[in-house]
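Remarks on the structure that follows.
What follows draws every value from the coordinates through simple rules; no lab data is involved. All of these numbers come straight from a predicted model, not from anything done at the bench. Note that each Cβ is placed from the backbone with ideal geometry, even for glycine, and that neighbours are counted across all protein chains shown.
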Amino acid sequence: MNLLLLFISAAIVNNFVLTYFLGICPFVGVSKRVSSAVSMGLAVMFVMTITAAVTWLIYHLLLVPYQIEILEYVSFILVIASLVQLVEMFIKKVSKPLYDTLGIFLPLITTNCAILGLALFSVLREYSFIESLVFGIGAGAGFTLALVIMAGIREELELSNIPKPFRGAGITMIVAGSLALAFMGFAGLISM
Amino acid sequence: MAKTPIPLRKEFLKGLWNDNPVLRMLLGLCPTLAVTNSAINGLAMGLATTFVLISSSILISLLRKVIPHQVRIAGYIVIIATFVTVADKFLAAYLPEISKALGPYVPLIVVNCLILGRQEAFSSKNGVGRSIIDALGMGLGFIFVLVVLGSIREILGSTTLFNIQVLGDWFNPWMIMILPPGAFLTLGLLIGLGNWLNERKVKI
């Protein structure tokens, strides 16, 4: 039951994009079409889940026993970068259609701060292995949700008459503000 | 790259306005939004990021002929992560309160696209002196936006500026400004304002 609460908290109440501002770059960059938003969201969710598992193992089985926690950031970012590379090669080998859909989005995930943020939060909150795994899936689902909603709104925005200085990034930020406002409605749902 | 070298003064000033990292290039948005609920947090974040940016620019422009092209991104990231660790431990030791307020956003400087972007676009192609000037300009442009954003949000959200009361009791604080939605709204309006001023050909 606790794990379910953790999942909902990570996905909706403390949405990574709208309350922690993690993963804003792809949120602004890849939210023009719903179809590409779905692909990006799924790719991020996939990498997040694996990252959560691998960084937990590295931190608790390697860094803590040898007392080299100071290498936390360096090792995490290296793990994430190589993990993205591995996932890319794996998908290419196993499922060519999926690889073509995800295409350029895969390498971009390395610089997505939501992934590193996830690893840092799991350490900070002292999650167990299973908890970090659920946290990773939840955060990924929340990221996908925010990205798809945003893409839906932006498809409509293209048809409306926006003052010129606000076209593009300006209006996206303001819409994201309204979305964050809406998601604040969930705030009292779970207190974690 | 460029045939005629750009004067150093211009190299420095471009980061402040014409190529401002946040308002014009939309780089480093995560920390910009996350830590600007007060002016002092924005300033601390800006300074920490500038420190990492300048140090890694120096090291990378020195090593630009040594690092093999194929593994350059991984190399840059390791260098950046090292300086971020230094900045993080420094803040935790000397300014524990600010370190606590910024939380995981200090380690997240590693993935700030502003820093990696400048290394890839500038330091890997230019000498040390020029790279320092570029990093300094970009860093100051980043600090400028963070402090402006933090000030607006702090004044409207908690009626103070750098923890000094500026608005009287008559003003009912807009709680929303220090919460996440306020960050998005203020930055959206600032980007719009920047574009509007640019269109009217305001040059510095």
- Item | For segment B:7-77, size of Cβ-based charge dipole, Lys and Arg +1, Asp and Glu -1, in debye | 280 debye
- Message: Explain nothing, just the number: relative contact order of chain B, from Cα pairs under 8 Å at least 6 residues apart, as a whole percent.
- Response: 35 percent
- Message: Based on alpha-carbon atoms only, what is the radius of gyration of the protein assembly as shown relative to the globular estimate 2.2 N^0.38 Å?
- Response: 0.97
- Message: 7 Å from Cα along Cα→Cβ at both A:LEU159 and B:VAL66: what's the point-to-point distance in nm?
- Response: 5.9 nm
- Message: For A:GLU69, B:GLU120, which order do you get if you count the other beta carbons within 10 Å of each Cβ and list the fewest first?
- Response: A:GLU69, B:GLU120
- Note on the structure: For the pair A:LEU3 and B:MET175, the simple spin-label estimate (label points 7 Å beyond Cα toward Cβ) gives in nm 3.6 nm
- About its Cα centre, how strong a charge dipole does the protein assembly as shown have in debye, to the nearest 20, once Lys and Arg get +1 and Asp and Glu get -1 at the Cβ? 1440 debye
- With a 10 Å radius around each residue's Cβ, average the other Cβ atoms per peptide and rank A:168-174, A:79-85, B:41-47, highest first. B:41-47, A:168-174, A:79-85
- Spelling it out for B:LEU27: with amide H atoms placed in the peptide plane at 1.01 Å from N, the residues 5 or more places away or on another chain with amide H under 5 Å from its amide H are B:VAL22
- Residue-by-residue Karplus 3J(HN,Hα) for segment B:93-103, coefficients 6.51, -1.76, 1.60, Hz, glycine and proline x: 7, 9, 10, x, 5, 5, 4, 5, 5, 7, x
- Inter-chain shielding metric for B:175-185, i.e. average beta-carbon neighbours from other chains within 10 angstrom, reads 6
- Contour minus Cα-Cα distance for B:VAL128 and B:LEU167 (0.36 nm per residue): 9.5 nm
- Query: Suppose every K and R has +1 on its Cβ and every D and E has -1 on its Cβ; what is the size of the dipole of chain B about the Cα centre, in Debye to the nearest 20?
  - Reply: 920 debye
- Post the alpha-carbon centroid distance, segment A:9-42 to segment B:38-96, in whole angstrom. 26 Å
- Message: At a 10 Å Cβ-Cβ cut-off, how would you order B:ASP169, B:ASP134, B:ASP19, A:ASP100, fewest neighbours first?
- Response: B:ASP169, A:ASP100, B:ASP19, B:ASP134
- Note on the structure: Mean per-residue count of partner chain Cβ within 10 Å for A:11-20 equals 2
- For peptide B:28-34, how many partner chain Cβ atoms fall within 10 Å of a residue's Cβ, on average? 6
- The farthest towards the positive end of the charge dipole of segment A:2-185, of the residues A:VAL47, A:SER178, A:PHE16, given +1 on Cβ of Lys and Arg and -1 on Cβ of Asp and Glu, is A:SER178
- Residue-by-residue Karplus 3J(HN,Hα) for segment A:108-117, coefficients 6.51, -1.76, 1.60, Hz, glycine and proline x: 5, 5, 3, 8, 7, 5, 4, 5, 5, x
- Item | Computed FRET value (nearest 0.05) for B:GLU120 with A:LYS32, which takes r as the C-beta separation and R₀ as 25 Å | 0.55
- Result: in the protein assembly as shown the number of Lys pairs with C-alpha under 25 Å apart, spaced 8 or more or on different chains, is 17
- Message: At 20 °C and a viscosity of 1.002 mPa s, what translational diffusion coefficient does Stokes-Einstein give for segment A:2-185, taking Rh as the Kirkwood radius over Cα pairs? Give it in µm²/s as a whole number.
- Response: 125 µm²/s
- Quick one: which residues, 5+ away or cross-chain, put their amide H under 5 Å from the amide H of B:LEU161? H built at 1.01 Å from N. B:VAL166
- Note on the structure: For A:PHE90 and A:GLU126, extending 7 Å from Cα along the Cα-Cβ vector and measuring point to point gives, in nm, a value of 3.1 nm
- Once the mean of 1/r over all distinct C-alpha pairs in segment B:4-67 is inverted, the Kirkwood radius in Å reads 13.7 Å
- Query: Peptides A:53-63, B:170-180: what's the order by average Cβ count within 10 Å, highest mean first?
  - Reply: A:53-63, B:170-180
